[in-house]
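Working notes for the structure below.
Readers should treat all values here as calculations from the given coordinates under stated rules, not as data from a laboratory. Because the structure is predicted, anything quoted here is derived from the model rather than measured. Ideal geometry is used to build each Cβ from the backbone, glycine not excepted, and the neighbour counts take in all protein chains shown.
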Amino acid sequence: MLLPLPGRNIAYDIVGPEHAPVVVFSHSLAADLGMWAEQVPALIAAGYRALRMDLRGHGGSGAPPGPYTIDQLADDVILVLDAIGEKQCHFVGLSIGGMIGQSLGIRYADRIKSLMLCDTQAASPADAASRWGPRIEAILKANSLEPIADATMARWLTADYRTAHPGRWQQIRDTIAGCTPAGYIGCAKAIGNFNFIKQLPAVKTPALVVCGTEDPAGSPDEVRHIASLFGNGRYGEFPGARHLPNMEQPDAFNTMMLKWINENQ
């Protein structure tokens, strides 16, 4: 489905019982809403409604001129909730999706029942320029994300996952390669220009902050610290997973997710 806005569209998908509580999913940089395919059946079976969205310039969403901010991306979530007539939701976000969740908790506390923030950060990494600069240079040179697709997959998923799930691995790689350069660069600039550390202690919304223990983007100690910043934060982990524990360990992820959401209904 598309939400038409001036100069762009937001692509989203909503499935499940019409009047059930809504859980919003927000994906990683260079992914799309299909990243949450392993979560949707379990969520619907538990009696919830799943709302998945594509970030600006990702999947089916248009890419307005960038750079973007995390707050702008969070505002897009509210625009979709308003369009479908939902006043409140639970929120599950990974990587930049987790950053978007933090902005929602800070700025839209009345709209968010609970937060599950996965493999994310509370401020721009110190090496943001050196981390994304070469990637952006390669993307601009090729006018495509193809040059960074394999390296991204190596950070996201283990070699064992690729061996066990070659078809799903290829789907995700194709999604990375097909992301628009404008969307990737606009969102990467947002990651490189935010800091929520001083604001998180005032967030009272229940927040579960989790990670794969082998995620190269953030150690368990770093993610545990983010959880401690929230007024009502909790930490969880998925041993052996990298950046996408929802895909590598879907049963464990879904169990933790549903337990958390049920506790905060």
Problem - DSSP bridge pairs, the chain: antiparallel proportion in percent, nearest 5 - result: 25 percent
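Which three semi-axes in whole Å describe the equivalent ellipsoid of segment 166-209, each the square root of 5 times a Cα gyration tensor eigenvalue, listed largest first?
Working: eigenvalues 196, 63, 8 Å².
Taking √(5λ) for each eigenvalue gives 31, 18, 6 Å, largest first.
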Exercise for the section: Only Cα pairs under 8 Å and at least 6 apart count here; give the relative contact order of the chain as a rounded whole percent. Expected result: 21 percent
Handout entry: Simple spin-label estimate for Glu222 and Arg8 in nanometres, 7 Å along Cα-Cβ
Key = 2.7 nm
Problem - Inter-centroid distance (Cα atoms) of segment 15-60 relative to segment 70-115, Å - result: 13 Å
Completion exercise
When the chain is treated as a Gaussian network with springs between alpha carbons less than 10 Å apart, the largest mean-square fluctuation among Leu81, Leu115, Leu94 is found at Leu81
Problem - trypsin sites (Lys or Arg not before Pro) lying in DSSP loop within segment 51-136, provided at most 10 other Cβ fall within 10 Å - result: Lys87
Problem - Answer label for Kirkwood radius over Cα pairs in Å (calculated), chosen among (i) 18.2; (ii) 20.0; (iii) 18.8 - result: (i)
Fill in the blank from the handout: Given Cβ charges of +1 for Lys and Arg and -1 for Asp and Glu, the option among Asn9, Ala50, Leu104 whose Cα lies farthest towards the positive end of the dipole of the chain is Leu104
Completion exercise
Amide H neighbours of Cys211 at under 5 Å, excluding residues fewer than 5 places away on the same chain, with H built from the backbone geometry, are Asp119, Gly236, Glu237, Phe238
Exercise for the section: Would you kindly state how much longer the chain becomes between Asp150 and Lys198 on full extension, computed as 0.36 nm times their sequence separation minus their alpha carbon distance, in nm to one decimal? Expected result: 13.7 nm
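Determine the shape class of segment 113-221: with a ≥ b ≥ c the square roots of the Cα gyration tensor eigenvalues, call it rounded for a/c under 1.5, and otherwise prolate if a/b is greater than b/c, oblate otherwise.
On the way: a/c = 2.11, a/b = 1.31, b/c = 1.61.
Note, shape of segment 113-221 comes out oblate.
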Exercise for the section: Hey, could you grab the Kirkwood Rh for segment 1-74? Inverse mean 1/r over distinct alpha carbon pairs, Å, one decimal. Expected result: 13.0 Å
Problem - Debye log10 I(q)/I(0) at q = 0.19, 0.20, 0.21, 0.22 Å⁻¹ for segment 170-265, Cα point scatterers - result: -1.13, -1.17, -1.20, -1.21
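Taking a ≥ b ≥ c as the square roots of the Cα gyration tensor eigenvalues, with a/c under 1.5 meaning rounded and otherwise prolate when a/b beats b/c, else oblate, which class fits segment 97-169? Can you show the working numbers first?
Details: a/c = 2.55, a/b = 1.41, b/c = 1.80.
Oblate.
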Fill in the blank from the handout: The FRET efficiency for His165 and Thr213, from their Cβ-Cβ distance with R0 = 22 Å and rounded to 0.05, is 0.65
Exercise for the section: Send over the semi-axes of segment 226-265's equivalent ellipsoid, whole angstrom and largest first, taken as the square roots of 5 times the C-alpha gyration tensor eigenvalues. Expected result: 20, 15, 6
Completion exercise
For segment 73-118 (alpha-carbon point model, no solvent) the Debye-based log₁₀ I(q)/I(0) at q = 0.14, 0.15, 0.27, 0.33 Å⁻¹ works out to -0.26, -0.30, -0.98, -1.32
Exercise for the section: Sorted from largest down, give the three principal axis spans of the alpha carbons of segment 1-44, whole angstrom values. Expected result: 35, 26, 12
Exercise for the section: Return the calculated 222 nm mean residue ellipticity for the chain, to the nearest 500 deg cm²/dmol, obtained by summing -39500 (n - 2.57) across DSSP H runs with n ≥ 4 and dividing by the residue count. Expected result: -13000 deg cm²/dmol
Exercise for the section: May I ask what percent, to the nearest 5, of DSSP beta bridges between residues of segment 14-153 are antiparallel? Expected result: 10 percent
